[in-house]
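Colleague: The structure under discussion is supplied below as structure tokens; questions concerning it will follow.
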Amino acid sequence: MRVAVLGAGGTIAPAIVRDLAESEEVTAMRLLDLDLRRAEVVAMEHGGGKAQARQADATADLAEQLAGMEVLVNSASYRINLAAMRACLDAGCHYIDRGGLYHVAKEQLALSGEFEQRGLLALLGMGSAPGKTNLLAVRAMRELPGNPVSISVLAGGRDQKPTGELSFPYALRTLLDEITMPPMAIINGRPQEMKPLQEGPRADFGDPIGEAETIFTLHSEVLTFGDSFGAPNVTFALSLPPSVLESLKELSGASEERIAEVARSASPPSANTTSIHIVEVTGPDTVVRARSVTPPNEAWGLGGGIVSTATPAAAAVRLLARGSISKRGALPPESCVDPDEMFAELEGRGVRFDVSSRPIEKVASLSTRTA
């Protein structure tokens with residue numbers, strides 16, 4: 001399969017390119033970025049002899065640059081997702097991205113009919129969250145007796161060898177959007193806006209993170225899980241290292257120049273992070289918990305946060321090339337990707353999965369307690 005990668009010089013894309021270079025299904029890659037030099041470096045260091053770099057602007061000439069490509073993996077800012085999708089429609093190639101938060105994803109889903117009519121797939125949100133989390137929800141739902149009452153999505157990551165240097169797990173601008181834009185939740189079947197930085201549940205992520213505080217943030221799982229799983233209550237909560245969260249709070253409301261300055265001066269994401277994602281599905285009598293743990297990939301020299309986000313997109317390319325993803329349209333992962341097939345791919349990259357369930361302890365009625 002011939003694959004284009006947009007935003008190839010960014011934080012996550014080099015790991016996607018590395019993974020694709022090691023995939024026998026991929027015969028050639030075209031690495032696209034506004035900064036040609038950065039794309040050339042990624043092609044040389046991670047492309048495995050399969051990649052060539054080109055300069056491209058998603059808002060201008062992207063359709064031209066996609067000529068001859070079969071699928072675009074969009075690893076650029078979610079803000080250009082719609083433009084990239086339009087370019088794929090013009091070029092006649094499939095589309096995969098790492099998510100559009102909530103509101104952009106809603107606009108993207110509206111393009112489903114156009115993609116389906118042209119026999120194309122737009123796989124929306126195939127990173128770690130959204131992405132793996134969507135498929136963890138499918139896996140948990142399989143174990144749940146009855147219908148879901150609520151779905152809680154939790155994401156967290158920690159550097160196991162912290163140096164004290166300021167570092168962000170992914171794009172600073174996206175992180176700032178997540179903490180400053182009002183989060184959305186589904187409460188009693190209705191979308192509900194919450195307050196930015198609203199406190200979420202204290203969650204036990206298990207080893208090596210343990211218990212940690214969370215905040216509710218804006219994510220697209222909330223947009224799709226209600227319809228996909230019939231869940232009347234859906235939330236997404238994120239646990240960031242306290243130092244990172246404080247830095248983000250200080251930058252909220254800062255000028256774009258100041259944000260860019262901090263992004264340039266920050267250290268790259270640590271190669272020693274572990275990333276954990278949990279989906280808890282609660283039914284009338286049972287809670288099912290599906291979890292993924294992504295440790296550092298020592299062979300790649302990358303931390304679990306990067307690996308966790310990059311590998312699902314690359315795995316989706318392999319599954320698409322094999323014909324394992326056959327649906328067409330603009331779809332969330334839970335609608336078209338088999339979790340067992342995806343998890344098998346990710347286990348080959350060091351990701352671990354576990355699923356557990358427990359009964360809900362119900363308080364006995366007064367008559368029962370006094371009998």
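Colleague: Determine the shape class of the range 56-123: with a ≥ b ≥ c the square roots of the Cα gyration tensor eigenvalues, call it rounded for a/c under 1.5, and otherwise prolate if a/b is greater than b/c, oblate otherwise.
Modeller: Because a/c hits 1.5 or more and a/b fails to exceed b/c, the range 56-123 counts as oblate.
Colleague: Next up: Could you pull the accessible area for V351 with a 1.4 Å probe, rounded to 10 Å²?
Modeller: Counting only protein heavy atoms, the figure is 10 Å².
Colleague: Can you give the charge dipole size of the chain about its Cα centre, rounded to the nearest 20 debye, using +1 on the beta carbon of Lys and Arg and -1 on the beta carbon of Asp and Glu?
Modeller: 380
Colleague: Going by the alpha-carbon gyration tensor, a ≥ b ≥ c the square roots of its eigenvalues, is the range 266-371 rounded (a/c under 1.5) or, if a/c is not under 1.5, prolate (a/b greater than b/c) versus oblate? Spell out each step's value before the answer.
Modeller: On the way: a/c = 3.30, a/b = 1.69, b/c = 1.95.
Note, shape of the range 266-371 comes out oblate.
Colleague: Something else now. Can you find, among A63, I187, A155, the residue sitting farthest towards the positive end of the charge dipole of the chain, where Lys and Arg contribute +1 and Asp and Glu -1 at Cβ?
Modeller: Going by the Cα projections, it comes out as I187.
Colleague: With every protein chain left in place, what is the accessible area per residue of the range 230-371 in square angstrom, probe 1.4 Å?
Modeller: Details: 6320 Å² over 142 residues.
Solvent-accessible surface per residue comes out at 45 Å².
Colleague: Then there's this: Apply the a/c threshold of 1.5 to the C-alpha gyration tensor of the range 144-291 and tell me whether it is rounded, prolate or oblate.
Modeller: Details: a/c = 2.81, a/b = 1.58, b/c = 1.78.
Oblate is the answer for the range 144-291, as a/c is 1.5 or above yet b/c matches or exceeds a/b.
Colleague: Let me ask something else about it. With only alpha-carbon pairs counted, each pair once and no self-pairs, how large is the Kirkwood hydrodynamic radius of the range 200-258 in angstroms? Write out the running numbers ahead of the final one.
Modeller: Numbers: mean 1/r = 0.0728 Å⁻¹.
Kirkwood hydrodynamic radius for the range 200-258: 13.7 Å.
Colleague: If you roll a 1.4 Å probe over the range 160-218 with all protein chains in place, what percent of the accessible area is carbon or sulfur? Present the calculation step by step, with values, prior to reporting the outcome.
Modeller: Values: 1630 of 3250 Å².
Of the solvent-accessible surface of the range 160-218, carbon and sulfur hold 50 percent.
Colleague: If I take the Cα coordinates of the chain and project them onto the principal axes, what are the three extents in Å, biggest first?
Modeller: The Cα atoms of the chain stretch 77, 48, 37 Å along the principal axes, largest first.
Colleague: For the range 1-130, take every pair of Cα atoms, bin their distances at 5 Å starting from 0, and report each bin as a whole percent.
Modeller: 2, 12, 24, 25, 21, 12, 4, 1
Colleague: Then there is this: Leaving out ligands, DNA and RNA, what percent of the accessible area of the range 1-105 is carbon and sulfur, probe 1.4 Å?
Modeller: 45
Colleague: Between 0 and 90 degrees, rounded to the nearest ten: what's the tilt of helix 36-46 against the longest Cα principal axis of the chain?
Modeller: The angle comes out at about 70 degrees.
Colleague: Also, I was wondering about something else. Under 25 Å between alpha carbons, and skipping anything fewer than 8 positions from K195 in its own chain: which lysines qualify?
Modeller: K106, K249
Colleague: Give me the percent of Cα-Cα pairs in the range 1-72 that sit more than 19 Å apart, rounded to a whole number.
Modeller: Values: 544 of 2556 pairs.
Within the range 1-72, distances greater than 19 Å cover 21 percent of Cα pairs.
The values are calculated or read from the model by the stated rules, or taken from the named source; none is laboratory data. Just so you know, these numbers come straight off a predicted model, no measurement behind them. Heads up, the Cβs are rebuilt from the backbone with ideal geometry, glycines too, and the neighbour counts pull from every protein chain shown. Protein only, heavy atoms only, side chains kept; ligands, DNA and RNA dropped before computing areas. Shrake-Rupley method; radii C 1.70, N 1.55, O 1.52, S 1.80 Å.
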